[in-house]
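Submitted below is the structure of interest, expressed as structure tokens.
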Amino acid sequence: MALLEVTDLTVVFQRRGEAPFTAVDGVSFAVEEGQTVGLVGESGCGKSVTSLAIMGLLPRRGVRVSGSVRFEGAELLTESPRQMRDRRGRDLGMVFQDPLSSLNPVVSIGIQVTEVLERHRGMSRSKAMRVAAELLDQVGIPDPRRRLDEYPHQLSGGMRQRALIAMALACQPRLLIADEPTTALDVTIQAQILALLSQLVRDTGTALIMITHDLGVVAGLCDEVNVLYAGRVVERAARHELFARPRHPYTHGLLSSIPRLDAPRGERLVPIRGAVTDNIPWTQGCAFAPRCPNVLEKCLDVTPEMEEDDGRLLRCHNPVRQEVPA
Amino acid sequence: MLRYTVRRLLQLLGVVLVLSMLLFGWLRLLPGGPVSALLGERATEESRRQLTAQLGLDQPIFVQYGKFLGRALSGDFGSSTGVQPGDAALEVFLQRFPATLELSFFAIVLAVLFGIPLGYLAARRRGTWLDNLGVVGSLVGVAVPVFFLAFLLKYVFAVELGWLPASGRQTGGIDATRVTGFFVLDGLLTREWDAAWDALQHLVLPAMALATIPFAVVFRITRAAVLDVLDEDYVRTAESKGLTTPVIRRRHVLRNAMLPVVTTIGLQTGALLAGAVLTEKVFAFPGLGEALAIGFERRDYPVLQLLIIVAAMVYVLVNLVVDLSYAVIDPRVRVR
Ligand SMILES: Nc1ncnc2c1ncn2[C@@H]1O[C@H](COP(=O)(O)OP(=O)(O)O)[C@@H](O)[C@H]1O
Ligand SMILES: [Mg+2]
């Protein structure tokens, strides 16, 4: 049994006086114990909504969630708000995109770390403070004792994200979800945070869902990668399979649009045509068809199904055949 | 912090000096004057001239102001001519100050005690009937004239239903010992429970009338601030840690939402005297507001001068307290 099994997860936003909007459309994937799984796709494809659905953090009103999210065999979607509150921070941890806005500006770092220990571990404040200092040390924050009394505005961006990682991992959750954890940071800091995450999940055996719009981020980190487009998974493969031979034209496009160290000098980056707003609903044809270089007549009429192909899952009528130029 | 406080207090001194000059001139430009107020329209020229000289009003205005300033520095603000004729203006102020302070205190406590929790609840239940009722109610609360509301409360609960006293601070027959001048507190200190209870009953209606506007404003600002904070990423972080609702409410939502609310409470406290004038008049409540109202009717220069300067000082001081409490709530202000 996988640690987390997401099956046919669908999230529909239904606001009064507006047409229902399907943000996540039948997404399935699994995360094994200790595994790192990537969710990759352009902004707006439903990555954050998927993670919030798993955490039980979607707004209570105006949203319909269906499908199944099983964690260690237990169905999370039907658990009571109270049960989910007990799980969050204890079984499931989450790190968000913008470390500055994700920290409470008027509460000290120490309290923001200890509150999760007090809540789930029943520790006293003083015991929790000792543990918090160790945690900050573990995530590479120098002089942790002094940092406990400081406030978020006194820390650098990278330090803030480290503190948030410490909070999310404080109770040793089995699963950590990181939603674009490096997007708001400088490039050099990005690399440090990624290295830290990869070291922490290795040391603690925590499973990780790594969410990003940047395939470069998952390159060194993930065992398996799911590529999302307009709320659906369009390709899933082991990391090296995917990077060596992307089959979906969208994945291929994403890969060609990131800088590669091993690319021949002078080769130009090729951005994907169009924008994600060109979506046509998945109900008629392939949503990527309007932007797809490999588009066939069939793609406009028949919605492709997810099929096993070449040791991976693929949703495409006319996948890319050739190898990526090495 | 200390230097900042000292600088602000020095500013206060300047404000008071300038204000006292403007006020002094403005009062004497008003039509009528203490002489007509005291003697009536049909007094003889001779008696008018006599009284004018007696009050020192025949001297040039600069001389009058100079004398006023000189005496004021030694604590003599002149004698009341209309409110409590013959009493020192300072005496009038000291006698009545506790009454207004007690009334304002209860009004602000009512406004905060109801405004903040209801504002929080309305934000949390945004769009429900409770929220809509609160929003409409607070609009009405700001729009209804205090004076009308005071009359309405008095008429319904005192005159018609007879549940609460219609005027004054204490029922005549009660022989209460005075310690601080705050009647409820006095009753508690001397263990004269009946006196405390009686004084409290006298406070209910005027405090409600006076609290209406601050309540409505505190409610609306709290609601808006909480709505803003609920959308913040750090509240989502707190939820992602599985914290209990009370911890999220207190530490993550209210603590941040309180910044604008504290400012509002300060401004409302400063503005309370305007409402107190009308409320105290309607309930014949012997406080500063009533003294101001009577003082204007009878052109009691010394009393008006003292009361308005004190009101301005209170306003400036309250604002200082607000600024200082910011530093307590928000660490980002503290370091500066
Ligand atoms: N609370 C919400 N109400 C309505 N629509 C939403 C809400 N949250 C997200 N969406 C929509 O769902 C889609 C997917 O959003 P999201 O999962 O945040 O994308 P991303 O992949 O960039 O994280 C977007 O089109 C977004 O506008
Ligand atoms: Mg996102």
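Name the single residue, out of those in region A:60-94 being in contact with a Phe, Trp or Tyr (Cβ under 9 Å, 6 or more places away or on another chain) and within 14 Å of ligand 1 (Cβ to nearest atom), that is farthest from A:ARG16 (Cα to Cα).
A:ARG64
Can you tell me which of B:PRO286, B:PRO246, B:PRO260, B:PRO302 is open to solvent by 10 Å² or more (accessible area, probe 1.4 Å) and in contact with a strand residue (DSSP E or B) (Cβ under 9 Å, 6 or more places away or on another chain)? Break it down stepwise before answering.
Details: B:PRO286 fails: in contact with a strand residue (DSSP E or B) (Cβ under 9 Å, 6 or more places away or on another chain); B:PRO246 fails: in contact with a strand residue (DSSP E or B) (Cβ under 9 Å, 6 or more places away or on another chain); B:PRO260 fails: in contact with a strand residue (DSSP E or B) (Cβ under 9 Å, 6 or more places away or on another chain).
Unique residue meeting the criteria: B:PRO302.
Please give the number of the condition A:ARG16 fails out of (1) closer than 27 Å to A:VAL218 by Cα; (2) at pLDDT below 95; (3) away from ligand 2 (no atom under 16 Å from the Cβ).
Of (1) closer than 27 Å to A:VAL218 by Cα; (2) at pLDDT below 95; (3) away from ligand 2 (no atom under 16 Å from the Cβ), only one is false for A:ARG16: (1).
Looking at B:ARG249, B:ARG298, B:ARG255, which one is over 22 Å from B:VAL142 (Cα atoms) and within 11 Å of chain A (Cβ to nearest Cβ)?
Working: B:ARG249 fails: within 11 Å of chain A (Cβ to nearest Cβ); B:ARG298 fails: within 11 Å of chain A (Cβ to nearest Cβ).
The conditions single out B:ARG255.
Related question: Which residues, taken from region A:193-232, are buried (at least 17 other Cβ atoms within 10 Å of the Cβ) and under 23 Å from A:LEU135 (Cα atoms)?
Matches in region A:193-232: A:ILE193, A:LEU194, A:LEU196, A:LEU197, A:LEU200, A:VAL201, A:THR206, A:ALA207, A:LEU208, A:ILE209, A:MET210, A:LEU221.
Cβ contacts < 6 Å: first residue within 14 Å of another protein chain (Cβ to nearest Cβ) and modelled with pLDDT of 95 or more, restricted to region A:188-217; second residue open to solvent by less than 10 Å² (accessible area, probe 1.4 Å) and more than 16 Å from ligand 2 (Cβ to nearest atom), any location; separation 6+ or different chain. Result?
A:ILE209/A:VAL37
Checking the conditions here, which among A:LEU92, A:LEU103, A:LEU52 is at pLDDT 95 or above, within 16 Å of ligand 2 (Cβ to nearest atom) and within 10 Å of chain B (Cβ to nearest Cβ)? Talk me through it step by step, then tell me what you get.
Values: A:LEU92 fails: within 16 Å of ligand 2 (Cβ to nearest atom); A:LEU103 fails: within 16 Å of ligand 2 (Cβ to nearest atom).
Answer to the selection: A:LEU52.
I need every pair where a residue in region A:222-239 that is within 15 Å of A:GLY44 (Cα to Cα) has its Cβ under 8 Å from the Cβ of a residue that is of a type in the set (Lys, Arg) and within 13 Å of ligand 1 (Cβ to nearest atom), sequence separation at least 6 or different chains.
A:LEU228/A:LYS47
Let me ask another. Looking at region A:30-49, which of the residues that are within 9 Å of ligand 1 (Cβ to nearest atom) and open to solvent by 30 Å² or more (accessible area, probe 1.4 Å) is modelled with the highest pLDDT? Give the steps one after another, and end with the answer.
Our first condition is that a residue be within 9 Å of ligand 1 (Cβ to nearest atom); within region A:30-49, this holds for A:39, A:41-49.
Checking the rest, the ones that are also open to solvent by 30 Å² or more (accessible area, probe 1.4 Å) come to A:42-44, A:48.
Numbers: A:GLU42: 90, A:SER43: 89, A:GLY44: 89, A:SER48: 95.
By that ranking, first place goes to A:SER48.
Also, I was wondering about something else. Select, from A:ARG145, A:ARG160, the only residue that is over 30 Å from A:GLY44 (Cβ atoms) and away from ligand 2 (no atom under 16 Å from the Cβ).
On the way: A:ARG160 fails: over 30 Å from A:GLY44 (Cβ atoms).
Selected residue: A:ARG145, the only one of A:ARG145, A:ARG160 that is over 30 Å from A:GLY44 (Cβ atoms) and away from ligand 2 (no atom under 16 Å from the Cβ).
Do the conditions hold for B:GLY172, that is, is it farther than 21 Å from B:ALA271 by Cβ and either touching a helix residue (DSSP H, G or I) at 6+ places or on another chain (Cβ under 6 Å) or surrounded by 15 or more Cβ atoms within 10 Å (Cβ to Cβ) (or both)?
Details: farther than 21 Å from B:ALA271 by Cβ: yes; either touching a helix residue (DSSP H, G or I) at 6+ places or on another chain (Cβ under 6 Å) or surrounded by 15 or more Cβ atoms within 10 Å (Cβ to Cβ) (or both): no.
So B:GLY172 fails the test.
If you go through region A:58-85, how many residues are surrounded by 16 or more Cβ atoms within 10 Å (Cβ to Cβ) and either among the polar types (S, T, N, Q) or at the interface with chain B (Cβ under 10 Å from one of its Cβ atoms) (or both)?
Within region A:58-85, residues that are surrounded by 16 or more Cβ atoms within 10 Å (Cβ to Cβ) and either among the polar types (S, T, N, Q) or at the interface with chain B (Cβ under 10 Å from one of its Cβ atoms) (or both) number 2.
Say we look at region B:230-243 and pick out the residues that are assigned to a helix (DSSP H, G or I) and surrounded by fewer than 22 Cβ atoms within 10 Å (Cβ to Cβ); which of these is nearest to the other protein chains (Cβ to nearest Cβ)? So that I can check it myself, show each step before the final result.
From region B:230-243, those assigned to a helix (DSSP H, G or I) are B:230, B:233-240; that's our starting set.
Right, trim to surrounded by fewer than 22 Cβ atoms within 10 Å (Cβ to Cβ) and you get B:230, B:233, B:235-236, B:239.
On the way: B:LEU230: 10, B:ASP233: 4, B:VAL235: 8, B:ARG236: 7, B:GLU239: 6 Å.
This residue is B:ASP233.
Sticking with this one: Return a yes/no flag: does region B:134-147 have any residue that is buried (at least 17 other Cβ atoms within 10 Å of the Cβ) and without any contact (Cβ under 8 Å) to a residue 60 or more places away in the chain.
Going residue by residue through region B:134-147, those that are buried (at least 17 other Cβ atoms within 10 Å of the Cβ) are B:134, B:138, B:141, B:146.
If we keep only those that are without any contact (Cβ under 8 Å) to a residue 60 or more places away in the chain too, we end up with none.
No: zero hits.
Could you list, in sequence order, all residues of region A:163-188 that are away from ligand 2 (no atom under 16 Å from the Cβ) and assigned to a strand (DSSP E or B)?
Passing the criteria: A:LEU175, A:LEU176.
Kindly list the number of the only condition in (1) within 14 Å of chain B (Cβ to nearest Cβ); (2) assigned to a helix (DSSP H, G or I); (3) surrounded by 16 or more Cβ atoms within 10 Å (Cβ to Cβ) that fails for A:MET129.
Going through (1) within 14 Å of chain B (Cβ to nearest Cβ); (2) assigned to a helix (DSSP H, G or I); (3) surrounded by 16 or more Cβ atoms within 10 Å (Cβ to Cβ) one by one, A:MET129 breaks only (1).
Which of the residues that make up region A:282-313 are modelled with pLDDT under 85, within 22 Å of A:THR10 (Cα to Cα) and loosely packed, with under 15 Cβ neighbours inside 10 Å?
A:THR283, A:GLN284, listed by residue number.
Given the conditions (1) buried (at least 20 other Cβ atoms within 10 Å of the Cβ); (2) away from every other protein chain (no Cβ under 14 Å); (3) away from ligand 1 (no atom under 16 Å from the Cβ), report the number of the one that A:ALA170 does not fulfil.
With (1) buried (at least 20 other Cβ atoms within 10 Å of the Cβ); (2) away from every other protein chain (no Cβ under 14 Å); (3) away from ligand 1 (no atom under 16 Å from the Cβ) applied to A:ALA170, the lone miss is (2).
The values are calculated or read from the model by the stated rules, or taken from the named source; none is laboratory data. The model shown is predicted, which means the values in this text are computed figures rather than measured ones. All Cβ positions, even for glycine, are placed from backbone atoms using ideal geometry, and neighbour counts span all protein chains on display. Areas reflect the complete protein model, heavy atoms only, side chains present, ligands, DNA and RNA absent. Shrake-Rupley method; radii C 1.70, N 1.55, O 1.52, S 1.80 Å.
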